[in-house]
Amino acid sequence: MANDDKFKKVISHAKEYGYVFQSSEIYDGLSAVYDYAQNGAELKKNIRDYWWKAMVQMHDNIVGIDAAIFMHPTTWKASGHVDAFNDPLIDNKDSKKRYRADVLVEDYCAKIEAKINKEVKKAEKRFGDAFNKDEFVSTNGRVLGYQEKIDTVLKRLGKSLENEDLADVKALIEELEIADPMTGSRNWTDVKQFNLMFGTKLGASADTAMDLYLRPETAQGIFVNFLNVQKTGRLKIPFGIAQTGKAFRNEIVARQFIFRMREFEQMEMQFFIKPGTQKEWFDYWKDTRLKWHKSLGLGEDNYRFHDHEKLAHYADAATDIEFNFPFGFKELEGIHSRTDFDLKQHETHSGKKLQYFDHEDNESYTPYVLETSIGLDRMFLAVFANSLQNETLEDGSERTVLKLPAVLAPTKAAILPLVRKDEALTNMAKDIVEDLKWDFNVAYDEKDAVGRRYRRQDAAGTPFCITVDGESIENNTVTIRHRDTMEQKRVKIEDLHSIIKKEVDVKEWLMRME
Ligand code: ATP
C-alpha cells in the first residue's frame, strides 16, 4: 500500500474503531485538535502508564509531579518562549497556503535522501550477499554527491536560522527552486517569525486581568518546582522529576493527524546532574530511552537518532529519536542536554536562589539538566500506525488486524459465548467477565457469528478471544484464541487469569529493556 493510502487507512480505522475523533465534529471539527474516544483513551492511558512505570516507579531517584497548566507569565519570559519560541513561516502568494520555511527545506533534503536510499536498494540487489552498505555509501560517487548537497543545504539553513537571517532562508528556498507542495507555485512572500504560544487572560475585569499563556511545554513546571521537590523529597543529585500533561502550541502547519496538534500531551523528565557530567548522562538517557521504545517490539529498524545541527538556545547537545511514521522518519522524542540555562534564568527573573548544596563535595552549584521529552500523541500514532496491518490468510481471505503490543491494548480479552441463545453459555461467559474484570479490561460480545466477532476484535486490537461452548459446561474449559497467530487452545477457566497476565503484564514487557 502506498504511504499516503496507508496513512488514510490509519485515520479512518482510528475513527471506525473508537480510537480518535476529530474534535467538535458535529460543527465540522476544529483544525489540528482531536478527541480520544473509548478505545483511544485506554490506549493513551496505557502508554502513559508504561512510560510512568519505566521512568518513575523503576527509578529510585526519579519522582513525578503534576504542575498546573497556567503559570506565572514571567516563567515564559525567563524560559525564552516569549522572545524566541517562534517558527519561521512563509506564505505562498498564489495558493495562500502557509508553510514552515525550515520544513520546506528539510522536505527538500528528505527527497534527496530518498534518492540515496534508492541507490542503496539498487546496489543491494546487484551485489546480493556481498553488499556492504557502509562501504557503498562512503564510496559511491552519486551517493556522496547527494549527501554533500544535503549537508550543505542543512548547514546553511542552520546558520541562517541561528543568525535570524530570514532573508537568507527565503533566498535558499528560491535558489533550490522549492515550490508549494500543493500547487507547484514558487511565488513566495518573505519569511517571518511567528510566536507559537496561545495567550489568555486570568481575572474578570478588563483592566486588572493578567495576560497568561497556555504552557507550550511541561518542562517549566518542573524547573520552577525544582527546589521544593528536591528539599521535600530530600533528593540527592543525580535525580529526576517527571510529569505528563497537556501542552499547547499554535502550530503553523498542522495537517498530519495527531502527529502535530495544537493541544497535545507531553511526557517529560528533567534529570538534574552535576555540571561536567552531561555528556555521560546524555549517552545514558539516549540508550535508556531507545531501549524503552524497542521493548514494545514495533521493529528495531523503525527508529533512528537524529542529532541536531542547530541547537536550541538552551542546549549544548540534542538528539531526536525518530520513528518511521507512515509519512517517513520524524521526531518522536527529544533528548536535550539543557545545561543550567533554565534554572539560571529562573534565578535571575525570580530573584530566588535555585541551587543545590552538595554535601559530599561541600559546595553549592546550579545543576545541569538532561531532558527526555516525548509527545504522548505521537507515541500513540507510532504504536497505532505500526500495529495496523492487512493480512491475506491461507484461504485467500483478508483480515484487518491491529497488532497492538498486548501491554498497551485497550481491551485485553473479549469473552464470547458461542451461541447467544443458550443461557448456560451466556451466563458462564458473563461469570468469566465478572471474574477477570478485577484485573483486566475485558469485553463481552455475543452478537453475530463467532468468526465475525473474532474479526471485529482483531480489528479493535484485542489480544485474546475467549470462547465459551458446549464443552465448557461439561468440563470448565474454554478456547482461547490469540489475535496475532489466530491459534486456538483449550484451557481451564481457572488458568485464564495467569495466561492473560503473562502476556499483558507491564513487568514482562519492561524486562525486555535489559
Ligand atoms: P517538532 O520539531 O516536530 O515541532 P519540537 O522539536 O518542537 O517538535 P519539542 O519541543 O522537543 O518538539 O517537544 C518534545 C516532544 O513533544 C516532541 O518530540 C513531540 O513528540 C512532542 N510534540 C511537540 N510538538 C507537538 C505537537 N504540536 N503535537 C504533538 N506532539 C508534539
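Which condition breaks for Gly145 when tested against (1) farther than 26 Å from Arg249 by Cα; (2) at pLDDT below 95; (3) among the small types (Gly, Ala, Ser)?
The number of the failed condition is (2).
Looking only at segment 339-354, which residues are part of a loop (DSSP other than H, G, I, E, B) and surrounded by 14 or more Cβ atoms within 10 Å (Cβ to Cβ)?
Answer for segment 339-354, where residues must be part of a loop (DSSP other than H, G, I, E, B) and surrounded by 14 or more Cβ atoms within 10 Å (Cβ to Cβ): Asp340, Leu354.
Identify all residues within segment 165-180 that are surrounded by 13 or more Cβ atoms within 10 Å (Cβ to Cβ) and touching a residue at least 24 places away in the same chain (Cβ under 8 Å); write none if there are none.
Just the residues of segment 165-180 that are surrounded by 13 or more Cβ atoms within 10 Å (Cβ to Cβ), to begin with: 165-166, 168-173, 176, 178-180.
Correct list: Leu166, Val169, Lys170, Leu172, Ile173, Leu176, Ile178, Asp180.
Within segment 470-490, is there a residue that is in the same structural domain as Ala424 (by TED's automatic domain parsing), in contact with a Cys (Cβ under 6 Å, 6 or more places away or on another chain) and closer than 18 Å to Glu446 by Cβ?
Checked segment 470-490: at least one residue is in the same structural domain as Ala424 (by TED's automatic domain parsing), in contact with a Cys (Cβ under 6 Å, 6 or more places away or on another chain) and closer than 18 Å to Glu446 by Cβ.
Looking only at residues in segment 135-157 that are of a type in the set (A, V, I, L, M) and over 19 Å from Glu174 (Cα atoms), which one is surrounded by the fewest Cβ atoms within 10 Å (Cβ to Cβ)?
In the first step, residues of segment 135-157 are kept if they are of a type in the set (A, V, I, L, M); the result is 137, 143-144, 150, 153-154, 157.
Those still in the list that are over 19 Å from Glu174 (Cα atoms) too: 137, 143-144.
On the way: Val137: 17, Val143: 18, Leu144: 13.
For segment 135-157, the residue satisfying everything is Leu144.
Pull out all pairs, ordered by first then second residue, where Cβ-Cβ is under 7 Å, the residues are six or more apart or on different chains, the first lies in segment 418-442 and is within 20 Å of Asn46 (Cβ to Cβ) and among the aromatic types (Phe, Trp, Tyr), and the second is outside any helix (DSSP H, G or I) and open to solvent by less than 70 Å² (accessible area, probe 1.4 Å).
Close Cβ pairs satisfying both conditions: Phe440/Lys412; Phe440/Ala413.
Kindly indicate which of Ser387, Ser397 is among the hydroxyl-bearing types (Ser, Thr, Tyr), without any contact (Cβ under 8 Å) to a residue 60 or more places away in the chain and on the phi < 0 side of the Ramachandran plot.
So the residue among Ser387, Ser397 that is among the hydroxyl-bearing types (Ser, Thr, Tyr), without any contact (Cβ under 8 Å) to a residue 60 or more places away in the chain and on the phi < 0 side of the Ramachandran plot is Ser397.
Every residue, every condition in (1) of a type outside the set (A, V, I, L, M, F, W, C); (2) at pLDDT below 95, yes or no:
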site: Ile26; (1), (2): no, no
site: Ala37; (1), (2): no, no
site: Lys44; (1), (2): yes, no
site: Gln57; (1), (2): yes, no
site: Ala84; (1), (2): no, yes
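Among the candidates Ala443, Ala414, Ala409, which residue alone is closer than 17 Å to Gly18 by Cα, open to solvent by less than 10 Å² (accessible area, probe 1.4 Å), assigned to a strand (DSSP E or B) and modelled with pLDDT of 95 or more?
After ruling out the rest, the residue left standing is Ala414.
Check Gln266, Gln243 and return the single one that is more than 22 Å from Phe325 (Cα to Cα) and of a type outside the set (Ser, Thr, Tyr).
Gln243
Return the residue satisfying two criteria in turn: it lies in segment 316-338 and is of a type in the set (S, T, N, Q) and over 11 Å from Phe305 (Cβ atoms), and of such residues it is least open to solvent (accessible area, probe 1.4 Å).
Ranking the candidates gives Ser337 first.
Would you mind stating whether Glu124 is of a type outside the set (A, V, I, L, M, F, W, C), farther than 27 Å from Trp188 by Cβ and touching a Lys or Arg at 6+ places or on another chain (Cβ under 8 Å)?
Yes; evaluated as a whole, the condition is true for this residue.
In segment 468-502, which residues are free of Cβ contacts under 8 Å to residues at least 12 places away in the same chain, more than 15 Å from Val433 (Cα to Cα), charged (D, E, K, R) and assigned to a helix (DSSP H, G or I)?
Glu474, Lys502
Quick one: in segment 452-498, which of the residues that are over 13 Å from Ala429 (Cα atoms) and of a type in the set (Val, Ile, Thr) is most open to solvent (accessible area, probe 1.4 Å)?
Checking each candidate, the answer is Thr485.
Does Glu434 fit the bill of being over 31 Å from the mean Cα position of the chain (by Cα) and not aromatic (Phe, Trp, Tyr)?
Taking the combined requirement at face value, the residue satisfies it.
The values are calculated or read from the model by the stated rules, or taken from the named source; none is laboratory data. This is a predicted model, so every value here is computed, not measured. Cβ sites come from the backbone with ideal geometry, for glycine too, and all protein chains shown count toward neighbours. All accessible areas refer to the heavy atoms of the entire protein, side chains included, with ligands and DNA or RNA removed. Shrake-Rupley method; radii C 1.70, N 1.55, O 1.52, S 1.80 Å.
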